[in-house]
Amino acid sequence: MRRAYELGFIVRLDPNEEVINDAISQVQTWVEADELGQVTKIDRWGRRKLAYEIDKQRDGYYVFMYADIDPQNLPELERNLKLSNTILRYLIVLEEK
């Protein structure tokens with residue numbers, strides 16, 4: 001049974017916009033893996049200053065993804081986000097209805 005989640009993540013900045021787009025597409029692929037989830041909306045906030053330095057980065061590209069995800073898929077999604085070199089930080093929150 002799918003539930004509505006909000007996934008916020010910060011992508012490492014790169015002069016090439018294509019790298020950022022590829023990172024967002026990769027996260028979307030992870031969410032929709034094995035048809036256990038479906039992205040409903042992607043909200044790009046763009047480049048923002050970080051509250052503190054992360055991996056020598058002062059700025060990051062903020063993205064919020066809204067998706068219906070099967071809770072069984074969350075551990076694999078979190079594992080992929082942790083191992084990604086392009087994702088600085090992430091947070092997955094259950095949406096309130």
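Quick note: the coordinates plus some simple rules give every number you see, no bench work behind them. Nothing here was measured: the structure is a model prediction, and the numbers come from that model.
Relative to the longest principal axis of the Cα atoms of the chain, helix 74-83 runs at roughly 20 degrees. Taking Cα atoms only, the orientation of helix 17-31 departs from the longest principal axis of the chain by about 20 degrees.
Karplus-derived 3J(HN,Hα) values for segment 49-60, using 6.51 cos²θ - 1.76 cosθ + 1.60 with θ = phi - 60°, are 6, 7, 5, 8, 6, 10, 6, 6, 10, 9, 10, x Hz; glycine and proline are entered as x. Restricting attention to the chain, lysine pairs at least eight places apart or on different chains and with alpha-carbon atoms under 26 angstrom apart total 5.
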